[in-house]
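The values are calculated or read from the model by the stated rules, or taken from the named source; none is laboratory data. What you see is a predicted model; the values in this text were computed from it and never measured. Every residue, glycine as well, gets a Cβ built from its backbone with ideal geometry; the counts of neighbours run over all protein chains shown. Accessible surface is based on the protein model in full, side chains and every heavy atom, while ligands, DNA and RNA are left aside. Shrake-Rupley method; radii C 1.70, N 1.55, O 1.52, S 1.80 Å.
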Amino acid sequence: SEMLGKYIEAGIPCFGVCLGMQALAVHFGSTLTQNLLYHPHSKARWEAGHEVYPLHYNHTSGELHIQKTYGFEVNSHHHQGVYLNQLGQSLIPTNVYPEVEKMGQNTPETCVVESFVHQDLPIVGIQWHPEEWYDSYAMKMFELLCSYYTENANNEGEKVPFSAFVQQGLQPVS
């Protein structure tokens, strides 16, 4: 974790996969749950484990809106993770897996964070393995991370926060 801090301090873009995402999450103040009791796993490295869903979440109020119509399948091999209510304040969740519903609703205590971006820094965390299970979302996030770095590497002026850059890059092109 000492090296990770040095990379982040130097402004080097980070794309954390699985354990890498967990290390980034902990670095930015998240709490890692050691054993996710209700989290499904892929039977093999290249098989679907579950769907993940984009969301809108407000850290302060706990307001949560999961967009289940836009879910997509990912592989899953982890038994550790970060619940939405345990995510560090500077990390913005982009996809979750809702483990269980309480009284018909998903809550921050029941949603496992499956991907996030840092609000300001060029940092992405993805819990699944896109190198084994291709999905256009992970590929787009990797492209946005590279584009952001390329556009801002020699920029001495004010930089757009990474989360705003990602949000703009994920908008549908008409």
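Brief remarks follow.
Yes or no, residue by residue, for (1) modelled with pLDDT of 85 or more; (2) farther than 16 Å from residue 93 by Cα; (3) buried (at least 19 other Cβ atoms within 10 Å of the Cβ); (4) not charged (D, E, K, R):
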| residue | (1), (2), (3), (4) |
| --- | --- |
| 126 | yes, no, yes, yes |
| 147 | yes, yes, no, yes |
| 157 | no, yes, no, yes |
| 168 | no, no, no, yes |
| 172 | no, yes, no, yes |
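- Unmet requirement for residue 71, which otherwise passes all of (1) under 24 Å from residue 13 (Cα atoms); (2) without any contact (Cβ under 8 Å) to a residue 60 or more places away in the chain; (3) of a type outside the set (Lys, Arg): (1)
- Single residue of 163, 147, 76 found to be assigned to a loop (DSSP other than H, G, I, E, B) and hydroxyl-bearing (Ser, Thr, Tyr): 76
- Residue check for residue 57: modelled with pLDDT of 80 or more and either out of contact with any His (no Cβ under 9 Å at 6 or more places or on another chain) or of a type in the set (Lys, Arg) (or both): no
- Matching entry among 91, 121, 87 (being more than 13 Å from the chain's Cα centre (by Cα) and modelled with pLDDT of 90 or more): 121
- All told, residue 61 falls short of being within 18 Å of residue 126 (Cα to Cα), open to solvent by 20 Å² or more (accessible area, probe 1.4 Å) and polar (S, T, N, Q).
- When segment 28-59 is filtered for residues that are in a loop (DSSP other than H, G, I, E, B), of a type in the set (A, V, I, L, M) and in contact with a strand residue (DSSP E or B) (Cβ under 9 Å, 6 or more places away or on another chain), the ones remaining, listed by number, are 32, 36, 48.
- Tally of residues being crowded, with 16+ Cβ neighbours inside 10 Å and closer than 16 Å to residue 124 by Cα across segment 27-51: 3
- Residues of segment 131-144 that are part of a loop (DSSP other than H, G, I, E, B) and either of a type in the set (Asp, Glu) or out of contact with any strand residue (DSSP E or B) (no Cβ under 7 Å at 6 or more places or on another chain) (or both): 131, 132, 134, 135.
- Residue list for segment 83-97, restricted to those being in a strand (DSSP E or B) and open to solvent by 20 Å² or more (accessible area, probe 1.4 Å): 83, 92, 94, 97
- Meets criteria (under 13 Å from the mean Cα position of the chain (by Cα) and in a loop (DSSP other than H, G, I, E, B)) for residue 62: no
- Within segment 10-25, tally of residues that are in a strand (DSSP E or B) and under 18 Å from residue 163 (Cβ atoms): 3
- Condition check for residue 12: open to solvent by 50 Å² or more (accessible area, probe 1.4 Å) and of a type in the set (Val, Ile, Thr): yes
- Across segment 4-38, the number of residues qualifying as under 17 Å from residue 118 (Cβ atoms), modelled with pLDDT under 95 and among the hydroxyl-bearing types (Ser, Thr, Tyr) comes to 1.
- Subset of segment 65-82 that is under 13 Å from residue 37 (Cα atoms) and at pLDDT 85 or above - its residue that is surrounded by the most Cβ atoms within 10 Å (Cβ to Cβ): 82
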